[in-house]
Amino acid sequence: MRLVISALCVLVFFSCAGAYDPLDPNGNITIKWDVMSWTPDGYVAVVTVHNFQMFRHIMNPGWTLGWTWAKKEVIWSMVGAQTTEQGDCSKFKGSIPHCCKKTPTVVDLLPGVPYNQQFSNCCKGGVVAAWGQDPSQAISSFQVSVGQAGTTNKTVKLPKNFTLLAPGPGYSCGPAKIVPSTTFLTPDKRRKTQALMTWNVTCTYSQFLARKNPTCCVSLSSFYNETITPCPSCACGCHNKKNCVKSESKILRMVGVHSPKKDNEPLLQCTHHMCPIRVHWHVKVNYKDYWRVKITITNFNYRMNHSLWSLAVQHPNLNNLTQVFSFNYKPLLPYASINDTGMFYGTKYFNDLLMEAGPTGNVQSELLLQKDKDTFTFKQGWAFPRKIYFNGDECMMPQPDTYPFLPNSAPPSLITSPASIFLLLFFLAVW
């Protein structure tokens, strides 16, 4: 019995810990329902998906939102989104609802739909930017007309059991909670209106729930040591090793082999680490008052282009970052008193798209950092990052004892061993 209780405690601990990101402690996706008007048998609501995560965006094929109706509600119509199934609407005569399912599943519309089907901030295929990267694009919304529902604030029953795929698993959503009604400003900015009723649903991400293996790894090198520290072997699991392809394989010339699959199954280049993404950190140059780093992100997936990619890095010297040469940079301040974390992302129309595996499947930049005489050192791997996240998922770092070391630094055991001390004392006595 104790073993069962212990196992449950460990499971709860990891589930809770996984949903808390120390580099983005307040990050979440908030789904807001604003009831804008009442209808004879229900209401019309605007549903808005806000991505308040600083460096985790919703990539293609986009978000999928689901819930369970509290009563026997139906969806009469939608603008800016659609349900994936209509369900059984055979009991209706005349006007047929858009969806009669008890548990509807909603997706965003694709770009280019007719104007009469569009709504503000819709129709991007479910792709939503991270809040830290582009707040104006970190939103998606649609309008839904609900029937067979309550027609007043007291008779409306909130939907329950919300689910969010963005685009895969990893998000856990809490219950809907009634909040103060949203206020709106008219176009002339002279009058405020407000929703008739508002409720929020908060969803948090857990990499532990999303997948059992990392999706990226980190390799390291430096100018002061010829050794390159590679990604750990099978850093992202070797379950895809049977289906990987070599870079010169004839399979890559086949028509359609690069097309993404519905389940996003990757087609990886054969590597020892078997990660879709590798981030390489190279300590390039040492100046008197500055030092220089080169970052290279390489894509090993032949079926995935990464638009709106982001890279979050934790390093104590980011508080003195002087210049970034070809990436955009934004400091992240999860804790106001500590400035050691930053987000890098591509420049629009230049390198904001990380192409699929191949000759063009990489992006790179260099950083110039000013030295702090009280903390700067090349010893004990200080020049290498503490954590790296790609698209919001933490990358696997090499073991610290494998980091490139200074060539003139001797292992502590050679200096502190009894034999070394005895020989030192002997030579001092003779001298």
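The values are calculated or read from the model by the stated rules, or taken from the named source; none is laboratory data. Since the model is a prediction, treat every value here as computed from it, not as a measurement. Cβ coordinates were reconstructed from backbone atoms using ideal geometry, including for glycine residues, and neighbour counts include every protein chain displayed. The protein model used for the area step is the full one, side chains on, heavy atoms only, and it has no ligands, DNA or RNA in it. Shrake-Rupley method; radii C 1.70, N 1.55, O 1.52, S 1.80 Å.
A compact table of results
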item: Checklist (1) surrounded by 16 or more Cβ atoms within 10 Å (Cβ to Cβ); (2) outside any loop (DSSP other than H, G, I, E, B); (3) aliphatic (A, V, I, L, M) applied to residue 178, failing item; result: (1)
item: Residue 374 being over 26 Å from the mean Cα position of the chain (by Cα) and either open to solvent by less than 10 Å² (accessible area, probe 1.4 Å) or not polar (S, T, N, Q) (or both); result: yes
item: Unique residue being in the same structural domain as residue 151 (by the TED database), open to solvent by 60 Å² or more (accessible area, probe 1.4 Å) and touching a helix residue (DSSP H, G or I) at 6+ places or on another chain (Cβ under 9 Å) when the list is 82, 86; result: 82
item: Segment 266-313 - residue that is open to solvent by 10 Å² or more (accessible area, probe 1.4 Å), within 23 Å of residue 343 (Cα to Cα) and among the hydrophobic types (A, V, I, L, M, F, W, C) and, of those, nearest to the chain's Cα centre (by Cα); result: 308
item: Single condition residue 167 does not satisfy, out of (1) loosely packed, with under 14 Cβ neighbours inside 10 Å; (2) of a type outside the set (A, V, I, L, M); (3) in a loop (DSSP other than H, G, I, E, B); result: (1)
item: Sole exception among (1) open to solvent by 30 Å² or more (accessible area, probe 1.4 Å); (2) more than 20 Å from the chain's Cα centre (by Cα); (3) in the same structural domain as residue 227 (by the TED database) for residue 259, by number; result: (3)
item: Failed item in (1) in contact (Cβ under 8 Å) with a residue 12 or more places away in the chain; (2) more than 21 Å from residue 129 (Cα to Cα); (3) of a type in the set (Lys, Arg), with residue 330 passing the rest; result: (2)
item: Number of the condition not met by residue 38 [criteria: (1) open to solvent by 10 Å² or more (accessible area, probe 1.4 Å); (2) of a type in the set (Phe, Trp, Tyr); (3) over 27 Å from residue 181 (Cβ atoms)]; result: (3)
item: Members of segment 205-225 found to be closer than 20 Å to residue 28 by Cα, open to solvent by less than 40 Å² (accessible area, probe 1.4 Å) and either among the polar types (S, T, N, Q) or over 25 Å from the mean Cα position of the chain (by Cα) (or both), listed by number; result: 206
item: Matching entry among 231, 217 (being at pLDDT 95 or above, assigned to a strand (DSSP E or B) and not small (Gly, Ala, Ser)); result: 217
item: Count - residues of segment 356-370 that are at pLDDT 95 or above and either open to solvent by 70 Å² or more (accessible area, probe 1.4 Å) or more than 25 Å from residue 53 (Cα to Cα) (or both); result: 5
item: Matching residues in segment 186-204 - criterion: being open to solvent by 70 Å² or more (accessible area, probe 1.4 Å), more than 21 Å from residue 30 (Cα to Cα) and not in a loop (DSSP other than H, G, I, E, B); result: 192
item: Evaluation of residue 254 against (1) assigned by the TED database to the domain that holds residue 356; (2) open to solvent by 40 Å² or more (accessible area, probe 1.4 Å) (one fails), failing number; result: (1)
item: Test result for residue 185, among the hydrophobic types (A, V, I, L, M, F, W, C) and in contact (Cβ under 8 Å) with a residue 60 or more places away in the chain; result: no
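So that you can scan it fast, the table gives a plain yes or no per residue for (1) open to solvent by less than 10 Å² (accessible area, probe 1.4 Å); (2) basic (Lys, Arg); (3) free of Cβ contacts under 8 Å to residues at least 40 places away in the same chain; (4) closer than 22 Å to residue 148 by Cα:
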residue: 67; (1), (2), (3), (4): yes, no, no, yes
residue: 91; (1), (2), (3), (4): no, yes, yes, yes
residue: 99; (1), (2), (3), (4): yes, no, yes, yes
residue: 113; (1), (2), (3), (4): no, no, yes, no
residue: 116; (1), (2), (3), (4): no, no, yes, no
residue: 136; (1), (2), (3), (4): no, no, yes, no
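Every residue, every condition in (1) of a type in the set (Ser, Thr, Tyr); (2) in contact with a Pro (Cβ under 7 Å, 6 or more places away or on another chain); (3) open to solvent by less than 40 Å² (accessible area, probe 1.4 Å); (4) more than 21 Å from residue 297 (Cα to Cα), yes or no:
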site: 332; (1), (2), (3), (4): no, no, yes, no
site: 354; (1), (2), (3), (4): no, no, yes, no
site: 380; (1), (2), (3), (4): no, no, no, yes
site: 383; (1), (2), (3), (4): no, no, yes, no
site: 389; (1), (2), (3), (4): yes, no, yes, no
site: 395; (1), (2), (3), (4): no, yes, yes, no
